[in-house]
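Bear in mind that the values in this text are calculations on the coordinates, not laboratory data. Just so it is clear, the model here is predicted, and its values are computed rather than measured. So basically every Cβ, Gly included, is an ideal-geometry build from the backbone, and we count neighbours across all protein chains shown.
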Amino acid sequence: MKENRAQFATRLGVIATTVGSAVGLGNIWRFPYETGVHGGGAFLLIYVGFIFIIGVPVICAEFIMGRSTRSNIFGAFRALHGRPQWAWIGYMGILASILILSFYSVVAGWTVEYFVQSVTGTLASLDAGSRHEAFDMFCTGWKPVMWTLVFLAVNAVILLRGVKGGIERVSNVLMPVLFVILIIFCINSLLMPGASEGLAFLFRPDFSKVDSGVLLGALGQAFFSLSLGLGTMLTYASYFSDRTPLVKSAVVTSALDTCVAVLAGVIIFPAVFTFGAEPSAGPKLVFEILPDIFHRLPWGALWSSLFFFLLFLASLTSTISMSEIGIAFFCEQFGLTRKKATLLNCLIAMVLGTLCALSFGPLRDMTVFGLTVFDLFDYVSSNILLPLGGMMISIFVGWFVDRGILRTQLRGTGSIKEWILRVIVFCLRYVAPAGIALVFLSGLGVI
Ligand code: PHE
């Protein structure tokens, strides 16, 4: 069975697939909204710090576990240590993947609605004031439920028909187009009257705004954006060839992911200040601002149709990667066929996704700890489950996995400088676990 596992054919295929999982709504929707909520510049700086000090070593750890065992998260812990007590990290990853899939699909559904509105010209026909109202009305109604379910069904069909490879190939070709479009939008935003205020908000750190919430938010965003801490990168690495350079892939993935997030910030914040919006508006921020941005461009409807279509594709490559975790689990643990496992995973996400979709309207008052279902799923998965999973994975690889395995994996078929290996092991043993623990403790008010 192990010998028959598929492998990514090319180096570019490896990068494209891991970047495909990493780049998505996390960069374009969640990053600007979290940055806005947490006060701008200082959040960005801390976020980038976390990406490179904690994110890169933990991606390497997931890569090592995946490629050395050629297995999913459960199999990897079992093969490397054999003790059942590590299994709970796998369960946490599955819970996180299902919670994320549920609320992520709601936002992906919003992109579908915007795509339809762009193509039909509805979006362009409204003036600024009524656009905001229209989005509010849409969000608070029942229509998002429909798009959430449609999105999840498309996701399931792709997983079921095994055309995943096809989608990934299409998206590999189209993602550079998304990148180019983002750069064009950036230039457009930089020409807006609120550009300097927006850039100052994004890039000028104001450390008086840093509190435990900002730290936890930045850590959660780093894990969310890198698809890290739940076994996604681990599973993908199980398909890497022995020649794939792990450290380089981790660095390139993180760098590209961060670039896309920063580009999104440069697009959104000048517009936020130009149009007098509130940076801390939360999950709706980006969707309220984007149409204003398109409206300023010639052929606005064309740009917005293209953009939302590409965003939809980027979301799909991310949801495909997170669905794999639950599917592999249901197959292995309950002996379900892949088809049944996919349907079960999709069905659970449909039920939970419906609750999330309604939490902007009819279920707005259904709250736990003051958070709506949508916010709760987002908070628990990104700010708790993913960093905790990442912490355990880095402790596991740093302390319990044989150094020889680490060296062989990180070296691959090439060579690795001894100091790079040392730095990674040091980060995995001390820096990442201690950093995550400190952020958690400050979040709990202990320090
Ligand atoms: N990283 C993805 C994004 O930024 C979201 C994701 C999280 C994907 C967890 C897989 C696992 O959109």
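Given a 10 angstrom Cα cut-off, can you work out which residue in 413, 258, 244 is the most mobile in a GNM of the chain?
Greatest mean-square fluctuation among the candidates belongs to 413.
Using only C-alpha positions, report the orientation-averaged shadow area of the convex hull of segment 2-443, nm², one decimal.
If you wrap the Cα atoms of segment 2-443 in a convex hull and average its projections, you get 20.0 nm².
Quick check for me: using +1 on Lys/Arg Cβ and -1 on Asp/Glu Cβ, what's the dipole size of segment 2-443 about its Cα centre, in debye to the nearest 20?
Numbers: 29 positive and 23 negative charges, 367 e Å.
In debye, rounded to 20, segment 2-443 gives about 1760.
Dipole of segment 195-259, Cα-centred, from +1 at each Lys and Arg C-beta and -1 at each Asp and Glu C-beta, to the nearest 20 debye?
180
Going by C-beta contacts inside 10 Å, put 280, 189 in order with the fewest on the left.
Starting with the residue having the fewest Cβ neighbours, the order is 280, 189.
Starting from 0.36 nm per residue, how many nanometres of slack lie between residue 407 and residue 351 once their C-alpha separation is accounted for?
15.7 nm
Give the aspartates and glutamates reachable from residue 209 as a straight Cα distance under 14 Å; neighbours fewer than 8 places away on the same chain don't count.
The reachable aspartates and glutamates, counting only those whose Cα sits under 14 Å from residue 209, are 34.
Expressed as an acute angle from 0 to 90° and rounded to the nearest 10, what is the orientation of the C-alpha long axis of helix 87-120 relative to the principal long axis of the chain?
Helix 87-120 sits roughly 30 degrees off the main axis of the chain.
Given R₀ = 35 Å, what would the calculated FRET efficiency be for residue 88 paired with residue 422, taking r from the Cβ atoms and rounding to 0.05?
On the way: r = 30 Å, r/R0 = 0.86.
The value I calculate is 0.70.
Once the Cα atoms of helix 41-50 and of the chain are each reduced to a long axis, what angle between those two axes, in degrees from 0 to 90 to the nearest 10, is obtained?
Rounded to the nearest ten degrees, it is 20.
Cα centroid distance between segment 295-352 and segment 93-170, in Å?
Value for the Cα centre distance between the two parts: 10 Å.
Could you list the trypsin sites (Lys or Arg not before Pro) in segment 1-62 that lie in coil according to DSSP, counting only those with at most 16 other Cβ atoms within 10 Å of their Cβ?
Taking segment 1-62 and a limit of 16 other Cβ atoms within 10 Å, the loop trypsin sites (Lys or Arg not before Pro) found are 5.
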